[in-house]
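Novice: Quick one: the structure is below, questions incoming.
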Amino acid sequence: MSIVTLTMNPAIDIATTAGHVAPTDKTRCTTPRFDPGGGGINVARTIAALEEPVTAIFPAGGPPGRLLEQLVRDAAIPMRPIPVSGHTRESFAVTAADTGAQYRFVLPGPRLTAPEVHRCLAEVERAAQECRYVVASGSLPPGVPVTFYQSLADLLKDLGVPLVLDTSGAALRAVRRGVHLIKPSVRELADYAGRPLPDDESRIAAARELVEQGVSEIVVVSMGPDGTLAVTRDDAHWIASIEVPVRSGIGAGDAQVSGIVVGLARGYPLDAAVRLGIAAATAALVTPGTGPGRPDRIAELFHQLTARPDGGRGQLAVPL
C-alpha cells in the first residue's frame, strides 16, 4: 500500500436539500445522499479517485458502524475497521434551495475506551510497515486523549514513516514535534499561534514558528478563495486558487490533503503537490455531498494551474 489514512472520528455523512429552512417549521427534505465520512475517510476517497493505493483505518461500532463499513466497501477502498462498543456518529447537511445556504450538523461521536484507542494505534503500526505516508485527519471523539496525535507522530517517527496531519483545536495545539506536514486553515493556525493572523507576513511567521520549533517540516495553510501558503524552513510561497461555483464545501479541505499527499508520494516537488491539492479541492467543490471530484476534472484543473505563466505560484507581499 502507498498511503494509509486514519480517521478516529468517522461519520456517515447525510446530505439533502430543502426548499426553505426556518426555525420551528417542519423542513421537508429531498431524498438524502449517504457517504462514508470523517476526515481520513474523505481523504482516502480522493486518493482512490486519483488511482493511488490507499487503506483506510477507522473505529466503527453499532448499526451505523456496519453501514459505514458497507459504504467504504461500496467505494472500493481497502479498509481495516476497528470494532468499538459505541455507535458511529452521523453528520447531517441541508442545503436551502431558496438561498443556497448550507446548514451542517455535526455530532460528537462515540466515547472510545483506552483499549479501543490502543487498538487503533496498533493497527496503524501494523499498516505503517508497508506504506509511504500516513494521513491522520479529523477530530478526536470523546475518550481519546488530546495528545493522541502526538503519540501517533512519535510512533511513526520511530518507524521512519512521514505523518501528514489535518486537525484543529486542542488536538492540534497538543502536537509539539515530529510531523512531516500539517495543513491548517488560517483560523486553525491562528488558534495554534494564539494571535490574529491578518496578512501574509503574520501567517508566514506563524507557520515558520511551527517549522523552527520542530512541530512540522512543512506547513500548508489553506485560505479558501485566497489561495494556499506553503512554508518550509527555507522557503515560503503562495499558490492561487481557482474560482468555481460551489455546490458543496464539505470535504474540500480533505480533498486538498489528498492531492498533496498523492503528489508527494509520486515524487512531485512541493509546489506541484500543492497544485494537485488545490485541483482536487476545487473539483470537490462542484461535487454533491462529500463525494470526491472526478479524476478527469482534477487532471484538467491541475493542468490549468500548471499552465499559468508562474505555474500558479504567485508573488508574496512580504520578503522571505
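What follows draws every value from the coordinates through simple rules; no lab data is involved. Bear in mind the structure is a predicted one, so any value in this text is a computation, not a measurement. Every residue, glycine as well, gets a Cβ built from its backbone with ideal geometry; the counts of neighbours run over all protein chains shown.
Novice: Under 8 Å for C-alpha pairs, at least 6 residues apart: give me the relative contact order for the stretch 42-130, rounded to a whole percent. Walk me through the numbers before you get to the answer.
Specialist: Details: 113 pairs, mean separation 22.1, N = 89.
Relative contact order comes out at 25 percent.
Novice: In what order do 8, 79, 223 fall by count of nearby beta-carbon atoms within 10 Å, going from fewest to most?
Specialist: Ordered from fewest to most neighbouring Cβ atoms within 10 Å, 8, 79, 223 come out as 223, 79, 8.
Novice: For the chain, what does the helix formula give at 222 nm: sum of -39500 (n - 2.57) over DSSP H segments with n ≥ 4, over the residue count, nearest 500 deg cm²/dmol?
Specialist: Calculated from helices alone, the mean residue ellipticity at 222 nm is -11500 deg cm²/dmol.
Novice: Still on this structure: Would you calculate the separation in nanometres between label points at residue 226 and residue 74, each defined as 7 Å from the Cα along the Cα-to-beta-carbon direction?
Specialist: Between residue 226 and residue 74, the label points sit 3.9 nm apart.
Novice: Step through the residues of the stretch 44-58 one at a time and calculate ³J(HN,Hα) from phi using the Karplus curve (6.51 cos²θ - 1.76 cosθ + 1.60, θ = phi - 60°), rounding each to whole Hz and writing x for Gly and Pro.
Specialist: Those phi angles translate into 4, 5, 6, 4, 5, 4, 7, 6, 10, x, 8, 10, 9, 10, 6 Hz.
Novice: Can you give me the distance in nm between label points at residue 205 and residue 22, each placed 7 Å from the Cα along the Cα-to-Cβ direction?
Specialist: Placing both labels 7 Å beyond Cα along the Cβ direction yields 4.9 nm.
Novice: Rounded to the nearest 0.05, what FRET efficiency do residue 98 and residue 187 have when you use their Cβ-Cβ distance and R0 = 35 Å? Numbers along the way, then the final one.
Specialist: Numbers: r = 28 Å, r/R0 = 0.81.
The formula returns an efficiency of 0.80 here.
Novice: Here's a follow-up. So for the pair residue 234, residue 34, with labels modelled 7 Å out along Cα→Cβ, what separation do we get in nm?
Specialist: 5.1 nm
Novice: Considering the Cα trace of the stretch 149-259, what is its radius of gyration and what is Dmax, both in angstroms?
Specialist: So, for the stretch 149-259, Rg and Dmax equal 13.9, 44 Å respectively.
Novice: Among 26, 157, 183, which comes first, second and so on when ranked by fewest other beta-carbon atoms within 10 Å?
Specialist: On the way: 26 7, 157 15, 183 28.
So the residues, fewest neighbours to most, are 26, 157, 183.
Novice: Could you give me the radius of gyration and the Dmax of the stretch 3-314, taking only the C-alpha atoms into account and expressing both in angstrom?
Specialist: Using the Cα atoms of the stretch 3-314, the pair Rg, Dmax is 18.7, 56 Å.
Novice: Among 266, 275, rank each residue by its count of other Cβ atoms within 10 Å, from fewest to most, as a rough exposure measure.
Specialist: Details: 266 14, 275 30.
Ascending number of Cβ neighbours within 10 Å: 266, 275.
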